Amino acid sequence: MFCLKEILRLNDGREFVLYYHIVLLDKNSNYCYILYMKLSRKQDFQICPRCGLKSLVGVESCPECGLIFSRLDVATNKDAKRKILRHDRDFIIRTTKLPSDVSFVKLLVYSILLGPTGAHCFYVGRYLRGSILLTNFVFMLMLVIFNAEIAVVSEGALLGVLSTLCGFVLLMWPWDVFMIIFKKFKVPVAIDIDGDIERAIDIALTSESEQKDGEQTKEDEPDNNKEQEAKGSKEENK
C-alpha cells in the first residue's frame, strides 16, 4: 500500500489536500484500487497586521477591518517615522514584513552591536522602546561609575535593587535580536492613501516630462545638423 497526495485550490483561495491510499492487487499485475481517500484542509493563513484577524492566504482584504494586503507592498517606514514625530498615528500599522526602505542587514547589525542603546528601535521609528533602552543603558553606566557611593547607601541593598531592575529591562535587547532573526520584529509603516496617490501622480508626471524632453531633443538634433551643413556649404562657397 502506498499513498499519493494532491493539492486542490479553490477560486476563493482555500486549499485542500486529498490523500489517496492505494493498494496493489497483485505484485505481478498493474491493477490496483483505492482503499480510501482522505480530504484534509491545508491551513494557510495570514494575520492582519491592523486587527490581528486570521484570514486565508489569497484574500485581497481583511474581512474585519478592510485592510488591503497589497498596500503593504508600497507602504514605507520613512513616512511612518515622519508621522510619529508629528504625533500623527493615522494610517500607521506595525507589520513583521519589512518595507522596501528598511534593510534587514542594518537592522540586525544595529540590534547586535548597538542593541543596549536602542539603535535598532530608533532606526525603524519605535522611539518609545528605543528611549527605554537608551535610558536604561545610561543608568547602568551611572551605576558603574558611582558604584562605591551607591554601595554605601543601605549597605549595598539599593545597588542590588537598581542593578536587578536594569537587568530586567536589558532583557529587551536579546529578545529583539531573537525576533529580528526570526523575522517577527514589528516595524511601523504608513499606508497613507492620499500620500500614495500623490506620490504616484508625481512619478507619472516626472516620467511624462522626461519623455517629452527626450522627444524634444530628438527633434532638435536634425535641425542642428541642417544648420551645421548650411554653414559648411557657405564656407566652401566663400
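The values are calculated or read from the model by the stated rules, or taken from the named source; none is laboratory data. No experiment lies behind these values; they were computed from the predicted model shown. Heads up, the Cβs are rebuilt from the backbone with ideal geometry, glycines too, and the neighbour counts pull from every protein chain shown.
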Failed criterion for ASN147 (all others in (1) of a type in the set (S, T, N, Q); (2) at pLDDT 65 or above; (3) not assigned by TED's automatic domain parsing to the domain that holds LEU98 hold): (3)
Test: residue in the stretch 192-206 that is surrounded by fewer than 13 Cβ atoms within 10 Å (Cβ to Cβ), more than 30 Å from LEU85 (Cβ to Cβ), at pLDDT below 90 and of a type in the set (A, V, I, L, M, F, W, C): no
Looking only at the stretch 178-191, and only at residues there that are among the hydrophobic types (A, V, I, L, M, F, W, C) and surrounded by fewer than 16 Cβ atoms within 10 Å (Cβ to Cβ), the one that is farthest from ARG71 (Cα to Cα): PHE178
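Would you point out which residue out of TYR123, TYR20 is at pLDDT below 90 and among the aromatic types (Phe, Trp, Tyr)?
Answer to the check: TYR20.
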All helices (runs of 4 or more DSSP H) inside the stretch 44-161 with 1 or more residues being surrounded by fewer than 18 Cβ atoms within 10 Å (Cβ to Cβ) and basic (Lys, Arg): 77-85, 104-113, 127-145
The stretch 70-86 residues that are under 17 Å from LYS186 (Cβ atoms), paired with ones that are at pLDDT 90 or above and among the acidic types (Asp, Glu) (beta carbon under 7 Å, 6 or more apart): THR76/ASP101; ASN77/ASP101; LYS78/ASP101
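Confirm whether VAL109 is touching a helix residue (DSSP H, G or I) at 6+ places or on another chain (Cβ under 9 Å), in the same structural domain as ASP176 (by TED's automatic domain parsing) and among the hydrophobic types (A, V, I, L, M, F, W, C).
yes
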